[in-house]
Amino acid sequence: MNRLFEFIYSKLKGVRVYALVGRSGTGKSYHSKQVAKKYNIDLIIDDGLLIKDDRILAGHSAKEEPNFLAAVRTAVFDDPDHKAEIDNALIKEKYRKILIIGTSEKMAEKIANRLNLPPIYKCIHIEEVSSQEDIETAMRIRFTEGKHVIPVPPIEVTRSAPQIVYDSMKVKTGKKAMGKAITSEKTIVRPEFSIPQREGISEQALTQMVRHAIGQYDPVIKVKKVRGIKTSDGSYSVSVTLQLPIRHYISTKFTDLQQYIADCLEKYGGIMIKEVNVEIEEWG
């Protein structure tokens, strides 16, 4: 066992990884501080950032990126330099619990694996910490106005990406012993990739996004065809034809694959997905 491995192992021994998951725009970043306080979690990983209290310790946000593809790569730490920056910051920190924000359990697991963290100890779904009414309100704001939340004060965001800062908000995270409310300031941002598509999204752009999402999910799977139909309420019904080699095993349920595609399109494509229909063709 080499010294680096011994050092990393000693750092991660006893570390518990939590995940807060839910569809894009349902308010995960908004509720992240409350979840962290409830479970005494030290660090938060959200959209490419490593956060402690009200400070960004390392990384840069996917919300700073100009387009869908770059945003996805940033969120899952696809860039080696970005990953190394987070790895180095984690090694320096003393922590026992860390919270990963993701659109699905698979995404959270992917991030944990990419950052060499232990398996997910506890997965919390947004429905457990937010009402259905609040979730629907958050989604309406996301898909009509293109607004996102970063769980740190605006001063932390303006240092690297002042152009995306839209507003700020204060959120109650608990109460002190004397009953006084504890608040946390968050930043409302409006990334370029999330500005609502008033005239709809082209089939070419939709195909590009699905291909990248599938490439992240399972690079062996090939995307043959993508078709999107915009419905009367502004959401999209998407049909995807995929090609798989004969005897290739998909490690997750078929419905998980459908949900993964929908999550990626919603989170980084700035569009609301009504349904994703997937057809599988075998080859080879």
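The values are calculated or read from the model by the stated rules, or taken from the named source; none is laboratory data. Note that the structure is a prediction, hence the values are computed from the model and not measured. Cβ placement follows ideal geometry from the backbone for every residue including glycine, while neighbour counts extend to all protein chains displayed.
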Do you know which residues across the stretch 70-126 are assigned to a loop (DSSP other than H, G, I, E, B) and of a type in the set (S, T, N, Q)? Thr103, Ser104, Asn116
Could you tell me whether any residue of the stretch 39-62 is hydroxyl-bearing (Ser, Thr, Tyr), assigned to a helix (DSSP H, G or I) and either assigned by TED's automatic domain parsing to the domain that holds Leu265 or at pLDDT 90 or above (or both)? no
From Ser184, Ser168, Ser160, residue being within 21 Å of Arg55 (Cβ to Cβ), in a loop (DSSP other than H, G, I, E, B) and modelled with pLDDT of 70 or more: Ser160
Taking the stretch 96-120 and keeping only residues that are at pLDDT 95 or above and more than 17 Å from the chain's Cα centre (by Cα), one is left with Lys97
